[in-house]
Structures are given as C-alpha cells and as structure tokens.
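The values are calculated or read from the model by the stated rules, or taken from the named source; none is laboratory data. Quantities reported herein were computed from a predicted structural model and do not represent experimental measurements. Here Cβ is always computed from backbone atoms with ideal geometry, including for glycine, and neighbour counts include all displayed protein chains.
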Amino acid sequence: MGKYEIVRPSEGQLRDYCAIASEAFGMDPALRYAWSMASGIEHVRVALNGGVVAAGLKIKKMGHWFNGKRVEGWGIGGVATAVHHRGEGLAKGLMADMLREARERGVAVSALYPATSHLYRTLGYECAGVYQRYELPIRDLQVDRAPGRVEPITGDQVDVLKVVYERSARQHNGFMARPEYFWDIVFNAEKHHGYVLYCDEEPEGYVIYNRRDMATGDERDVVAINDMHAVSPAAGRLALRLLASLSTINNAARWYGAPDELLYWLLPEQRIKPIYREHWMLRLIDVEAAFRQRGYPPITGELHLEVADDVLAENAGRYVLTLRRGEPTVQRGGSGRIRCDVRALAAVYTGFASPQRMQLLGRLDGPDEDVALLSAAFAGAAASMVDHF
Ligand SMILES: CC(C)(COP(=O)(O)OP(=O)(O)OC[C@H]1O[C@@H](n2cnc3c(N)ncnc32)[C@H](O)[C@@H]1OP(=O)(O)O)[C@@H](O)C(=O)NCCC(=O)NCCS
C-alpha cells in the first residue's frame, strides 16, 4: 500500500475508477459514471499508483432505523481494484482510510453488501442482517375485500412515498434511511408502475413494480416489484388484492421484504416463500454514537461493556450503556463486565445474532444476568434491508 495515495478523484479520475468498477461488476461505464455523478463525485475515494487510478470505492451517506430511531451511517459500495493491482492491499487500505475519515466525521455505523466477507471482517465488519426476496404465486389468490382505495402515483406524490416508507422503516430494524437520490431508483415513471394504498384517507402503503417491457428471462411472467410497503393490515390486504388483480397475465409476484413480512401473516396458507437471501455487514465506527442514536425497548438497566477493536483504536475500551425505560445514556468507563470484539457487537447491535450465540462462539463473555440484559436491550424485529447498494 505504501506507494499509493488515496484521494478524492477529479472528473477524469472518476472516469478511470468507473472503468475499473464496470469491469469488476459488469456494468456500462458511462452509466456507472452518470450514477456516480448523480450521487456526488465527492463521495468517491480512489487509490493512485504513480498518479494512475488503481482502485476505488463509493461512500453512500445514509442511515438505518433501529427500534424507531435513525442511526447515521455510511454505506459502502463499488469497492474495486484493477485486476493487475489485486492482492497488493489496496482495497483494505482504501477501506481503512475511509473508516478513519468516517470516525473523524462522527459517523456511527457503516454497512455494506460483501462480495467476500474476509476482507471486511479484517476491518471490523460483521454479518448483521438479511436482504431477502419473496415470491407469491398470485393465480387463484383469494384475499378478503379491504376498505380503502388504490391511486396511481403521480410525480408530485413522491413525498407520500417517503412518508409511508419511513413509517415502514420504523417498524423494522436495519431498514435504510434512504438518501434523496435513492428515490429516483425507487420510482421512475418511465420505468415503473406505482400505486399508493389509502386506508381511511391516509396513505398506508404503496406498490411499485417494473414495466413489463423490462422483464426478461424467468421474470417474464412475474410481477417484479421494485418496492412495496404496507404499514397496516388493511394496506397489506389492499396490496394483496392489487397483486391478485394482475394474475390473469402474471403467475407470481416477487419483492424484497423483511423476514417478518406483514403480508405473510395476512394469508391463511404459507404461499409466500423466500427465494433468495444474502447477508449485509455492519461496522460500528463509533460505539458510543451508535449506542446513543438507536432506539431500545422500554427496559431499565445498566450494561458495562469492554469492546476490543484493533482497527479503530479510539473505539476500543469500556462503555456504560444505561437504559431508563429505553432512554439511553452512554459513558466511557465502567467495570466492563461484558467483553466482546467490535464485530460480535455489530451482529448483536442489529439483533441479527443473540449475545448467547456470540458467547458460544467465544467472541463475547460476561455474567449470565448481564448477557440476558444485553439480549433484551437489542431485541426486536429481525434485522433486514430491502435496498441493495
Ligand atoms: C475484492 C477486491 C476489491 C479485493 O481487492 P484487493 O485490492 O485485491 O484486496 P486486498 O489486496 O486489499 O486484500 C485485503 C484482504 O482481503 C483478502 N481478499 C482479497 N480478495 C479476496 C477474495 N476475492 N476472496 C477472499 N479474500 C480476499 C486478501 O487476502 C487480504 O486478506 P488479508 O488482509 O488477510 O491478507 C478485488 O478482488 C475486486 O475488485 N474484485 C471485484 C469486485 C468485487 O468483488 N468487489 C467487492 C465488492 S463488496
């Protein structure tokens, strides 16, 4: 890594990074460049070798919802090293540099979708939530008539989508607090059909699916849903009825949903099946901020933790997380009765892994009472995201 320099790219260097990333991920370089410009050239970091771009990554400023509260985060994507520079420590160096920058800027957490876990584990990330796709055969789908109405989405209703999405995200753990530019990906009138679900005159859900001319291969007979949320059973039934109404032409609907998908509970039989699942990873960049920002169940107690972190030294050490009916205060110090590494803590933080599981793996230790309190503090909806980046 020594002979490399990490910088924010010029427009020419951004094009060079896009060429590397496009080869790595199989995407049109011009399209990737346009995306990078749309999400902000200032969010790209590149490693230069003798002034020439050899690797890069993209920072996506976002957040995540945990127990109803927003935690500030950086999503990382597009990590790519030129083929002839692989194995020289470039990706690791770029990532480590980004983590130090994020720490200095007060970012609490960082999430990413790993193509290889080892690289990110060495940097303190751990598997912490799921990204799951469902399929529902819609032919002969019987759904009770639900009160409410369905309205096509028009351009000026994107704000309504944001309100519904945030209500949905608050019901889950891990859902992305979407950056502004993400909404162009979620709903684009030229690419998608979209409907808002109104119950008692309130928007309580929406369904956005791809236009059929985009469907290829095994998606041809499928309603490929780009984004779907229902925050009440009534909205869930409206969504199911909408899908059922598409069944003369389509056989099934597919969408990304949480492990405790609401629609699942509205059908008498187990017709909704998971067809794809992968895990995203989380890194606690600032344990104190991450503890302070998330929501907790309304419990009272004091957790004394000693956290090991060999990448971000300032993150390591002792913390006291005090909960008073779920209201957190965080201080450095305490007796450190629970000992864990920062990766195990990330998996526990999202609720993806129980502290007991980490204890069994030898990555967390402490008196049973403390571990039980830790378990109760970070319990909640199964950690998941419905967005990929
Ligand atoms: C994955 C990729 C970014 C790694 O880049 P790199 O610069 O060669 O990685 P580094 O040299 O910094 O390797 C750092 C560590 O990750 C490990 N690693 C690198 N590539 C790996 C792979 N494909 N599988 C498993 N481990 C890998 C290295 O062995 C090294 O481990 P160590 O620290 O224990 O020695 C690069 O292979 C690439 O661009 N691949 C195509 C795009 C891609 O998959 N990106 C990741 C998206 S999440």
(request) Please determine, by comparing only the residues of the range 28-44 that are in contact with a helix residue (DSSP H, G or I) (Cβ under 7 Å, 6 or more places away or on another chain) and more than 13 Å from the ligand (Cβ to nearest atom), which one is modelled with the highest pLDDT. (result) Val44
(message) Can you confirm whether Ala252 is over 23 Å from Ala128 (Cβ atoms) and touching a Pro at 6+ places or on another chain (Cβ under 7 Å)?
(response) yes
(message) Any residue at all in the range 93-101 that's outside the structural domain of Tyr264 (by TED's automatic domain parsing) and away from the ligand (no atom under 16 Å from the Cβ)?
(response) yes
(message) Is it the case, given these coordinates, that Tyr33 is in contact (Cβ under 8 Å) with a residue 60 or more places away in the chain, more than 18 Å from Trp280 (Cα to Cα) and of a type in the set (Phe, Trp, Tyr)?
(response) no
(request) Please work out which residue is farthest from Leu263 (Cα to Cα), limiting yourself to the range 92-111 and to residues that are touching a helix residue (DSSP H, G or I) at 6+ places or on another chain (Cβ under 9 Å) and buried (at least 22 other Cβ atoms within 10 Å of the Cβ). (result) Met95
(request) Report the residue count in the range 293-314 for those that are assigned to a strand (DSSP E or B) and either within 22 Å of Ala383 (Cβ to Cβ) or not charged (D, E, K, R) (or both). (result) 6
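Every residue, every condition in (1) in contact with a strand residue (DSSP E or B) (Cβ under 9 Å, 6 or more places away or on another chain); (2) away from the ligand (no atom under 13 Å from the Cβ); (3) without any contact (Cβ under 8 Å) to a residue 24 or more places away in the chain; (4) not hydrophobic (A, V, I, L, M, F, W, C), yes or no:
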position	(1), (2), (3), (4)
Ser10	no, yes, yes, yes
Gln13	yes, yes, no, yes
Gly26	no, no, yes, yes
Ala55	yes, no, no, no
His64	yes, yes, no, yes
Trp74	yes, yes, no, no
Gly78	yes, no, no, yes
(request) Scan the range 105-134 and report the pairs whose first residue is within 19 Å of Leu345 (Cβ to Cβ) and among the polar types (S, T, N, Q) and whose second residue is part of a loop (DSSP other than H, G, I, E, B) and more than 16 Å from the ligand (Cβ to nearest atom), with Cβ atoms within less than 6 Å and a gap of 6+ or a chain change. (result) Ser110/Ile285
(message) Looking at Leu119 and the list (1) at pLDDT 95 or above; (2) crowded, with 17+ Cβ neighbours inside 10 Å, which single condition is not satisfied?
(response) (2)
